[in-house]
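The structure appears below as structure tokens.
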Amino acid sequence: MLYLFGLIVTAYLINLFIRLELTRRSLKKAHTEVTAHYQAQLRAEQQLRLHDTAFYSAQEGISLTDASGKIMDVNPAFSRITGYQRDEVLGRNPKVLKSGRHDETFYSNMWDSINNTGNWRGEIWNRNKYGEIYPQMLSITTVNNTEGEVTNYVAVFSDISRLKEQEVKLQQMAYFDALTGLPNRVLLTDRMDQAIAQTRRSQTLLGVCFLDLDGFKPVNDTLGHDAGDRLLIEVANRINALMRGGDTVARLGGDEFAILLQNFSKIEECRWAVQRVMQAIAEPVMIDGEMIKISASVGVTVYPQDQCDAETLLRHADQAMYQAKQKGKDCIHWFDHHEDSLARSHHERISRIEAALNDGELLLYYQPKVDLRQGKVVGLEALIRWQHPDDGMIPPLSFLPAIEEHGLIVKIGQWVIDTALAQLESWNKVGLKTQVSVNVASRQLQSPNFVADLQLSLSRYPTVDPAQVEIEVLETAALEDIVSVSRIIEDCRDLGLSFAIDDFGTGYSSLTYLKRLPASVLKIDRSFIQDMLTDPENLAIVQGIMGLTKAFQMKVIAEGVETAEHGRLLLQLGCDLAQGFGIAKPMATEQVLEWVENWRPDPLWQDVSGLYWDDADHPIFVAEVEHHRWVAMVIYALENGQPIPHKHFSDHSRCAFGEWYYGWASNRYGHIYSFHQIEPLHQRVHEIANEMDRYIQDGKMAQARELGPELLKQRDAVIDGLRQLAQSVAMVHPSITDTSRSDVGSTSPISH
């Protein structure tokens, strides 16, 4: 029994030891596996920390989207570059960054590459939160699961604005002149090749001009190279200002320039263009207190009459320039072997215009000038026309430029004066005593016998009061020789005539010149009047000219009044005299009497004709124009599918109108009830625009466009509020009495 018991115990112990060994080995294996899992977890956590550090520390912007394109996460660099904070873009589509510069084909090609290859890399222009457009280097990569399905997209990008700027600078250094900023010889050669090819396709003419300044060396020698450089810059700017789209002016070195004049149908057009360049260069330049006057010698060749390559054309123009120098400088020499034919053609053109004068084909039309405030016709401007037997009615700009430098311009100018005087005498006999203004060309004005011929013409029409005649001269013509022109004006004033400076603001007059010109009237050029309702800069120019006329005690007439709104704003600015298509187009003589009898001022003018505004209140009108332009820019961008250029939509105090309203205007008008009525109206404009911008950022253009009519309606509400404010601060005009206001609209003839 003991032996059996011992065997049992021994077997039990052996089994126990075996089980313990198996357990030990199992625990060892488990320990090894747990340790391995733990180490793997540590490595995974370390890898995640590394990825996290890379994601948040990267200098490139990174965005992670899901398969549908919704943003899941962005890094800090994304916010720094785009301006959007993380919580602003989560769940949104990256379309919020679209700039509008790329068409649908660009994005279609991009996604074709992503879908086919799993990635795309390239340059793209995007738009940040503040509306600024900038270039990016963008890389987009797909993330797939184990089944190969796309689960995410990763976009990595960097702002390459500085690289682009450096690229532009390098290109500028390679292809442009460092002093003047004009193209250099390298770029000129390339453009000449392109111009020749385009000219061949379009079957037009290409003028190649080689220009050398006369008298430049003495400027360098006497005033120094710095003055010479400034003179070259001024000459370059003047030439460049005359160029059209497609034309090129280049500096070849020293005082030599080359000009490419494209898309001419006739050589005469090229000649006129070169003459304008020479006239611009010949205008005096003030440098270091010295009045410098230079000229230019120009050589010209025309392709395809001169069938050569670019290098040869330039050499031919250079040779022609040398001939111009030999002829006495300040002139043009044509290399074209058809020069004699050109001269004959020009002569034939002049002969035909002279025949039109002799055959009675020229006639005068008359455009009324009115007093908007008094509602009266105050005069008419005589405008020449050519009734061609074959070509019909020809406007003056189509034939007068051909004779500007010819003696025929004096002969035609004298015919205009005589015809206008005869018409005045005829109108006087039927009871219409008014004033007629005639335009006088520079050559006629400065002709030796101008005053004597004018006096002789007046003597032929004794019933015409000289005060009924006004002479109009272009601003540029009046300043060509300020001394002689001033003397001529004084002599004409002694005869009883008045003088007006036409197209004022388009030339280069100074206050000194204006003071020395004894003219009594300034005519504001139509280009400023037509755009002043939507362009604050043009409105500022008109206000400035109004200030000049007050300072020099001159009358002012606004040209180009095309709408009733133009007239209203002019009246509010204190400009009473006007002309333009919004009042009447130039009309034949037989239409004048009936028009004068039937004309009535627009009711919009009558509403403000009895009021005037202190100069300090004129910013109200500027604010109206600023607001109108702000909304117009939003609507334009919306209609053309472009990003809205404004910033800070949600803050209505940061636009130009808001700055005026909460600044200067608040101090001046804060006590007026109508002023405070404007604020919620203006605030609503910004709310609508802000809502439109959000739709655009989300790619919902249709919803954005639906808000357009509401925005325009709210704009008009703000403008109405401004006009109510203007009415509340207006004063009764001293020239309008109760009696005279009842006569507004009368068109009884007046005498000056």
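The values are calculated or read from the model by the stated rules, or taken from the named source; none is laboratory data. Here the structure is a predicted model, which means the values were calculated and not measured. Cβ sites come from the backbone with ideal geometry, for glycine too, and all protein chains shown count toward neighbours. Surface areas here come from the heavy atoms of the whole protein model, side chains and all, with no ligands, DNA or RNA. Shrake-Rupley method; radii C 1.70, N 1.55, O 1.52, S 1.80 Å.
Classification of region 381-460 by its C-alpha gyration tensor yields an oblate form. The axis ratio a/c (a ≥ b ≥ c) is 1.5 or more, and b/c is at least a/b.
Using 1/(1 + (r/R0)^6) with R0 = 45 angstrom and r between the beta carbons of Met72 and Leu163, what's the FRET efficiency to the nearest 0.05? Efficiency, rounded to the nearest 0.05: 0.95.
Mean 1/r over all different Cα pairs, inverted: what Kirkwood radius does region 1-118 give, in Å? By the Kirkwood definition, the hydrodynamic radius is 20.5 Å.
The label-point distance for Phe552 and Asp716, in a model that sets each label 7 Å from Cα toward Cβ, rounds to 4.1 nm. Over all Cα atoms in region 229-306, the spread is summed up by Rg and Dmax: 13.5, 46 Å. For the peptides 204-211, 717-724, 591-598, residues were scored by their other Cβ atoms within 10 Å and the scores averaged per peptide; the highest-first order is 204-211, 717-724, 591-598. Measuring with a 1.4 angstrom probe and ignoring ligands and nucleic acids, Lys713 comes out at about 150 Å² accessible.
Give the peptides 464-470, 582-588 in descending order of average Cβ contacts within 10 Å, highest first. Each step should come with its number before you reach the end.
Details: 464-470: 20.3, 582-588: 16.4.
Ranked from most to least packed, the peptides come out as 464-470, 582-588.
Among Tyr461, Tyr303, the order of accessible area from largest down is Tyr461, Tyr303, computed with a 1.4 Å probe on protein heavy atoms.
Across region 245-375, Cα-Cα pairs farther apart than 27 Å form 39% of the total. For Ala36 and Thr146, a Förster radius of 22 Å and the Cβ-Cβ distance give a FRET efficiency of 0.45, rounded to the nearest 0.05. For the chain, hydrophobic long helices are taken as DSSP H runs at least 18 Å long by C-alpha position along their axis with mean Kyte-Doolittle hydropathy of -0.5 or more; these are 2-57, 225-242, 267-282, 408-429, 482-495, 536-551, 619-639, 708-729. Listed options for Cα extents along the principal axes in Å are (1) 172, 74, 54; (2) 91, 57, 50; (3) 188, 58, 47. The value calculated from this structure is the one marked (1).
A simple spin-label model places the labels of Glu348 and Arg80 7.3 nm from each other, with each point 7 Å out along Cα-to-Cβ. Between the beta carbons of Asn263 and Ile18, assuming R0 = 60 Å, the FRET efficiency works out to 0.05 to the nearest 0.05.
Do any GluC sites (Glu not before Pro) in region 125-216 lie in a loop, going by DSSP, with at most 13 other beta-carbon atoms within 10 Å of their beta carbon, and if so which?
Working: sites: Glu132, Glu147, Glu149, Glu165, Glu167; in loops: Glu132, Glu147, Glu149.
Passing both the DSSP loop test and the Cβ count: Glu147, Glu149.
With protein chains left intact and a 1.4 Å probe, residues in region 354-467 average 41 Å² of accessible area per residue. For the residue pairs Lys376/Lys555; Lys70/Lys129; Lys376/Lys550; Lys95/Lys713, alpha carbon separations beyond 26 Å are given by Lys95/Lys713. Please give, to one decimal in nm, the separation of the simple spin-label points placed at Asp103 and Ala58, each 7 Å out from Cα toward the Cβ. Placing both labels 7 Å beyond Cα along the Cβ direction yields 3.2 nm. Per residue, the accessible area of region 162-308 comes to 49 Å² when a 1.4 Å probe rolls over the protein heavy atoms.
Mean separation of Cα pairs under 8 Å and 6 or more residues apart, divided by the residue count, gives the chain a relative contact order of 9 percent. Counting protein heavy atoms only, the chain has 52 percent of its accessible area on carbon and sulfur, 1.4 angstrom probe.
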